[in-house]
Amino acid sequence: MKSLDSILRELPFFAGLDEEHARLVGGCARNCRFEPGQYLFHEGDPADEFFLIREGKVALDVVVPGQEPVVFSTLGEDEVVGASWLVPPYHWKFDARATSLTRALGIDAACLRRKCEEDHDFGYLMMKRFLPVFVKRLHTTRLQMFDVYRKR
Amino acid sequence: MTVPRHSALVPALYRVGEVYRELPDTVTLRLVPESGRRPPYTPGQFNMLYAFGVGEIALSISGEGAEESFLHTVREVGAVSTALARLGVGARVGVRGPFGTGWPAVQDTDVIFVAGGLGLAPLRPAIRRVLAGRGHYGRVAILFGTRHPAEMLYLQELEHWRQRLDVDVSVTVDHADALWHGNVGVVPALIARTTFDPNRSVAMVCGPEVMMRFAVGALREAGVPDERIYLSMERNMKCAVGLCGHCQFGPEFICLTGPVMRFDRIASLFSTREI
Amino acid sequence: MPVGAKAMIVREALQGLFDALVTEGYRTLGPTLREGAIVYDDVRHVSELPAGWTDSQEAGRYQLRRREDAAWFGFNVGPHSWKRFLHPPLELLWSARRSGDSFEITVPAAEAKLALIGVRACELHAIAIQDRVFCAGRYRDDSYQARRTDTFIVAVNCGQAGGTCFCVSMGSGPKAAAGFDLSLTELLGADRATFLVEVGSEAGARMLERIASRPPTEAELAGAQAALERTAARMGRKLDTTHLRELLREQAGHPRWDEAGERCLSCGNCTMVCPTCFCTSVEDHSSLDGAAAGRVRLWDSCFTLDFSYVHGGSVRHSTGARYRHWLAHKLSYWIDQFGTSGCVGCGRCITWCPVGIDITEEAAALRTPGRAKRKEVTHEEP
């Protein structure tokens, strides 16, 4: 069986990570599996573990009173689920639900935060990988807000 | 005395052969030439459609049909489009065209179609052309984004494409309800999730300009060179023959050098405000 | 007489030319005094010409003045240009009649052929530019082409420069060099007035043969030449055209556009008086009973919001952007589109701008790098 470190380095998201750093991340990671309909986390829960999807699909939704939950984004292979683990108070702001059989790498947020804090070089490398994901997500959210296909 | 004159400014008569209801406010008209002969066209070109006494608008050709006809998908947004969308079978319309440039005819490359909303209409004839000669291309991907699952154009045809094993079809919506099990998000995000060889690909993009800006960004990020990206531009088209000046985009007349334009040729204009 | 030949006629002999043109079926058009300006209209008799009048022009100002002599062509250009006749402000493109579910389309027949009398050098260039716009591209404007094929042009060399003239900068004047059937230089001698006539075409030669003429003297030729040189030296404005095409494209973000936008009223006067501006719109009409419909073409202006309207709004919504489009089109895009500048230096846009925006001044300002405009910030000293 492959070790988590080597699985990790095969993921495009962590491509090019050196052995030492892969070991650091791998030490915080575990394999997870979610059945269709199963929640990865709920709004308000502590953001103690985030996920990197290896296969499957995850829908992010928010609950609107009197309505079905509104899905505002879906994520797939090699995408990161969750950003709130990076910023205090480390609580999820939405629900994440698997819409098909999903296999993911779960990463212990507190563990990774601690390692980043202990080794700022490593922390900086992690930030360089996560920040572009979140900035891009902000940009696409803006495009979504423009509602470009609406009738004017 | 008045005599009929054949000129690019005078419409030819067409008859509505069929009306297909696409969405509550959108139909596809099958327009049959009264002359019995439809002029040749290239996917991506447009016609000027005239509703008797109401006016004329530019509409891209969304395909061809039986009886040498043109297909045009019309959404009710203004007086003319509303008049056209409400025509019945047998009604006559004026048609001038086809005008403008078409999508590039390429071979032996990967082809990525990126469509947003009604932007799927001008791409449909190009998609049909590629699928008809599927063996001549590498990977083929159709990435389509729309507002809501209930506003999905050409639903049946999309489903038909999706069932083919040799085409990668990805659909995404901006807003969804719980009944939707597909992607939620914007169409440029699908580009990063699609497998293709950026240096051997041609991308054809059509949709609202803001969506195209984001799509171009995602294509460039994926490594597609500017000269392999094609966009269909929209400007105010009145005469369609480069004589009225309305459709200018910097030095370009969109009706002559567009609507389909290679991105590297307009890159500097694309980022200039109010050009 | 061969093309290029020169002859002298007494001034009154010009009436013979008018008569000959009318006999040949031409509608004769020329300058005449109306509504406080010298405009172009139907003129059949030399007495209708603005004898003894001139115009004084500056940015945002046009004034008729009495001359000290009785010159017939002693003025520059007024608010009209010949495009009013060759590319009319309103033109029926076609009409349609409904029959049952269908309709039938007919187009209007050709009109009388035109003789333009008193065309200036800048205007000859403007006509040549519109010829390229309408007849040299992938699509041809049939009705424009029909009018141009039969046009007879009598040019007039300018004996003076106007306050807003800059044809020398644009290489379009003051001498009428080509594109005419006959050209006239008005010579006001102490005893009698004459015209030096130059033959520009075989049609021109045939017309000249119908009136009495004699060969010019050396002194007369020298006098005409001196008058043109004097005009060339006294241009009211100048425009540096070096790399103008590139300059306008590169300076799309120059703050000067916003400044011009703050002054500009978006009235569209400059586009209406410009002899090369060709933009049009179409209007569709139908009769009340819905049985008849038609499409007319009207002059349009890129200064209106409607001009760049696409579903949802106008592309050029700010006045600055519309001014930029007009100027960049005229001096830069035109070269890409038609291989020539769209400006002939006639100065009309300067004269007829109600706030006196000066194309030569605006183009020159772009050569001085400007700082990108920022929100105004009040600096408070600590």
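Could you size up the charge dipole of region B:110-270 around its Cα centre, putting +1 on the beta carbon of Lys and Arg and -1 on that of Asp and Glu, and report it in debye to the nearest 20? Intermediate results must be reported in sequence, preceding the final value.
Working: 17 positive and 16 negative charges, 71 e Å.
Taking the Cα centre of region B:110-270 as origin, the dipole is about 340 debye.
Give the residues of region A:16-60 whose amide nitrogen is closer than 13 Å to a point set 7 Å from the Cα of A:Val87 in the direction of its Cβ.
None, by backbone N distance to the label point.
What Kirkwood Rh does region B:159-228 have if only Cα atoms enter the pairwise 1/r average? Answer in Å. Please list the in-between numbers first.
Details: mean 1/r = 0.0743 Å⁻¹.
Final number for the Kirkwood radius of region B:159-228 is 13.5 Å.
Which Cys in chain B stand alone, with every other cysteine's Cβ at 4.7 Å or more from theirs?
B:Cys206, B:Cys247, B:Cys255
Pairs C:Lys83/C:Lys113; C:Lys113/C:Lys330; C:Lys238/C:Lys330: which are spaced more than 20 Å apart, C-alpha to C-alpha?
Over 20 Å apart, Cα to Cα: C:Lys113/C:Lys330.
So for region A:4-146, taking the charge dipole from beta-carbon charges (+1 Lys/Arg, -1 Asp/Glu), which of A:Leu40, A:Thr74, A:Ile7 sits furthest toward the positive end?
A:Thr74
Can you put C:Trp82, C:Trp53, B:Trp103 in order, fewest other beta carbons within 10 Å first?
Details: C:Trp82 22, C:Trp53 18, B:Trp103 25.
In increasing order of surrounding Cβ atoms, one gets C:Trp53, C:Trp82, B:Trp103.
Springs between alpha-carbon pairs under 10 angstrom, Gaussian network model over chain C: which of C:Asp131, C:Asp336, C:Asp181 fluctuates most?
Comparing C:Asp131, C:Asp336, C:Asp181 in the GNM, the peak value goes to C:Asp336.
Give the dimensionless ratio obtained when the Cα radius of gyration of region B:193-275 is divided by 2.2 N^0.38 Å. Present the calculation step by step, with values, prior to reporting the outcome.
Values: Rg = 13.5 Å, N = 83, 2.2 N^0.38 = 11.8 Å.
Normalised Cα radius of gyration, region B:193-275: 1.15.
Give the average, rounded to an integer, of partner chain Cβ atoms located within 10 angstrom of each Cβ in A:135-147. Before the final figure, lay out the partial values.
On the way: counts 0, 6, 2, 0, 6, 7, 2, 3, 14, 10, 1, 6, 4.
That average works out to 5.
Could you tell me what fraction of 2.2 N^0.38 Å the Cα radius of gyration of chain C comes to, as a two-decimal ratio?
Normalised Rg, Cα atoms only: 1.10.
How large is the Rg to Rh ratio of region B:106-232 when both quantities use alpha carbon positions and Rh follows Kirkwood?
0.94
Determine, at each q value in 0.11, 0.17, 0.21 (inverse angstroms), the log₁₀ of I(q)/I(0) that the Debye formula gives when each Cα of region C:244-365 is one equal point scatterer.
The calculated log intensity ratios at q = 0.11, 0.17, 0.21 Å⁻¹ are -0.42, -0.89, -1.29.
Sort B:Arg128, C:Arg65 so the one with the fewest other Cβ atoms within 10 Å of its own Cβ comes first.
Listed from fewest to most nearby Cβ atoms, that is C:Arg65, B:Arg128.
Test of understanding: what is the full-extension gain from C:Val310 to C:Glu250, defined as 0.36 nm times their sequence separation minus their Cα-Cα distance?
Working: separation 60, 0.36 × 60 = 21.60 nm, distance 2.57 nm.
Stretched fully, the C:Val310-C:Glu250 segment lengthens by 19.0 nm.
Provide the FRET efficiency to the nearest 0.05 for the B:Gln107-B:Glu227 pair, computing r from the beta carbons and using R0 = 22 Å. Present the calculation step by step, with values, prior to reporting the outcome.
Numbers: r = 17 Å, r/R0 = 0.75.
Efficiency, from the Cβ-Cβ distance: 0.85.
Quick one: compute the contact order of region C:224-382, relative version, from alpha carbon pairs under 8 angstrom and 6+ residues apart, as a percent. Please list the in-between numbers first.
Details: 171 pairs, mean separation 50.7, N = 159.
Relative contact order here is 32 percent.
Starting at the first residue of region C:25-40, write each ³J(HN,Hα) from the Karplus equation 6.51 cos²θ - 1.76 cosθ + 1.60 with θ = phi - 60°, in whole Hz, x for Gly and Pro.
Couplings: x, 7, 8, 8, 10, x, x, 7, 8, 7, 6, x, 8, 9, 10, 9 Hz.
So if I place +1 on the C-beta of Lys and Arg and -1 on the C-beta of Asp and Glu, and nothing else carries charge, what would the dipole magnitude of the protein assembly as shown be about its Cα centre? I want it in debye, nearest 20. Before the final figure, lay out each step's value.
Details: 94 positive and 97 negative charges, 206 e Å.
The calculated dipole for the protein assembly as shown is roughly 980 debye.
Can you pull out the cysteines in chain A that have no other Cys Cβ under 4.7 Å?
Cysteines lacking a close Cβ partner in chain A: A:Cys32, A:Cys116.
Count the lysine pairs in chain A that are 8 or more places apart or on different chains: how many have C-alpha atoms under 28 angstrom apart?
Close lysine pairs found across chain A: 13.
Give me the one-decimal nm value for the distance between modelled label points at C:Arg206 and C:Arg230, 7 Å along each residue's Cα-to-Cβ direction.
Placing both labels 7 Å beyond Cα along the Cβ direction yields 3.7 nm.
What are the extents of the Cα atoms of chain B along their three principal axes, in Å, largest first?
The principal-axis extents, from largest down, are 64, 43, 36 Å.
For a footprinting-style exposure proxy, rank B:Cys244, A:Cys32 by other Cβ within 10 Å, fewest first.
On the way: B:Cys244 23, A:Cys32 18.
In increasing order of surrounding Cβ atoms, one gets A:Cys32, B:Cys244.
To test your reading of the geometry: what angle, between 0 and 90 degrees and rounded to tens, separates the Cα axis of helix A:109-118 from the longest principal axis of chain A?
Approximately 50 degrees, to the nearest ten.
With the convex hull built on the Cα atoms of region C:185-264, state its orientation-averaged projected area in nm².
Answer in nm², one decimal: 10.5.
Hey, what's the per residue convex hull volume over the C-alpha atoms of chain A, in cubic angstrom?
Numbers: hull volume 19.6 nm³, N = 152.
It is 129 Å³ per residue.
Ignoring everything except DSSP H segments at least 4 long, calculate the 222 nm mean residue ellipticity for chain C; use -39,500 (n - 2.57) per segment, divide by total residues, nearest 500.
When only DSSP H runs of four or more count, the value is -7500 deg cm²/dmol.
Could you give the size of the charge dipole of region C:244-365 about its Cα centre, using +1 on the Cβ of each K and R and -1 on the Cβ of each D and E, expressed in debye and rounded to the nearest 20? Before the final figure, lay out each step's value.
Details: 11 positive and 14 negative charges, 36 e Å.
That gives region C:244-365 a dipole magnitude of about 180 debye.
Could you give the distance between the Cα centres of region B:26-85 and region C:158-200, to the whole Å?
Computed from Cα coordinates, the inter-centre distance equals 53 Å.
Evaluate region B:1-142: find the radius of gyration of its Cα atoms, find its Kirkwood radius, and give the ratio Rg to Rh. List each step's numbers first, then the result.
Values: Rg = 16.0 Å, Rh = 15.9 Å.
Dividing the radius of gyration by the Kirkwood radius yields 1.00.
Mind telling me which of B:Gln163, B:Gln45, B:Gln107 comes out most flexible in a GNM of chain B, alpha-carbon contacts under 10 Å?
Sorting by GNM fluctuation, first place goes to B:Gln163.
First measure r as the distance between the Cβ atoms of B:Gln163 and B:Leu23, then evaluate 1/(1 + (r/R0)^6) with R0 = 22 Å and state the FRET efficiency to the nearest 0.05. Working shown, then result.
Numbers: r = 22 Å, r/R0 = 1.00.
The formula returns an efficiency of 0.50 here.
Have a look at B:Leu23, B:Leu165, B:Leu143 and tell me which one the Gaussian network model of chain B (Cα, springs below 10 Å) gives the largest fluctuation.
Comparing B:Leu23, B:Leu165, B:Leu143 in the GNM, the peak value goes to B:Leu165.
Relative to the present Cα-Cα distance, how much length would full extension add between A:Arg129 and A:Arg23 at 0.36 nm per residue of separation? Write down the numbers at each step before the final one.
Working: separation 106, 0.36 × 106 = 38.16 nm, distance 1.63 nm.
Length gained between A:Arg129 and A:Arg23: 36.5 nm.
How long are the semi-axes of the equivalent ellipsoid of region B:80-168, defined as square roots of 5 times the Cα gyration tensor eigenvalues? Whole Å, largest first.
Whole-Å semi-axes of the equivalent ellipsoid: 27, 18, 12.
Got a sec? Charge dipole of region C:244-365, +1 on Cβ for Lys and Arg, -1 for Asp and Glu; which of C:Cys267, C:Phe278, C:Ile335 is way out at the positive end?
About the Cα centre, the residue reaching furthest to the positive side is C:Ile335.
Would you please give the FRET efficiency between C:Ala110 and B:Thr195, computed as 1/(1 + (r/R0)^6) with r the Cβ-Cβ distance and R0 = 51 Å, to the nearest 0.05? Working shown, then result.
Details: r = 62 Å, r/R0 = 1.21.
Taking R0 as 51 Å, the efficiency between C:Ala110 and B:Thr195 is 0.25.
Over the protein assembly as shown, what number does the Rg to Rh ratio reach, with both radii from the alpha-carbon atoms and Rh per Kirkwood? Please list the in-between numbers first.
Values: Rg = 33.8 Å, Rh = 31.0 Å.
My calculation puts Rg/Rh at 1.09.
Based on alpha-carbon centroids, what's the gap between region B:176-199 and region C:255-334 in Å, whole number please?
A separation of 40 Å, based on Cα centres.
Which of the aspartates and glutamates could a cross-linker span from C:Lys175 if the Cα-Cα distance has to be under 19 Å and same-chain partners fewer than 8 positions apart are dropped?
Filter leaves C:Glu123, C:Glu186, C:Glu198, C:Glu218, C:Glu220, C:Glu229.
A short reminder: the numbers here are calculations on the coordinates, not readings from a lab. Just so it is clear, the model here is predicted, and its values are computed rather than measured. Glycine gets a Cβ as well: all are built from the backbone with ideal geometry, and neighbour counts include every protein chain shown.
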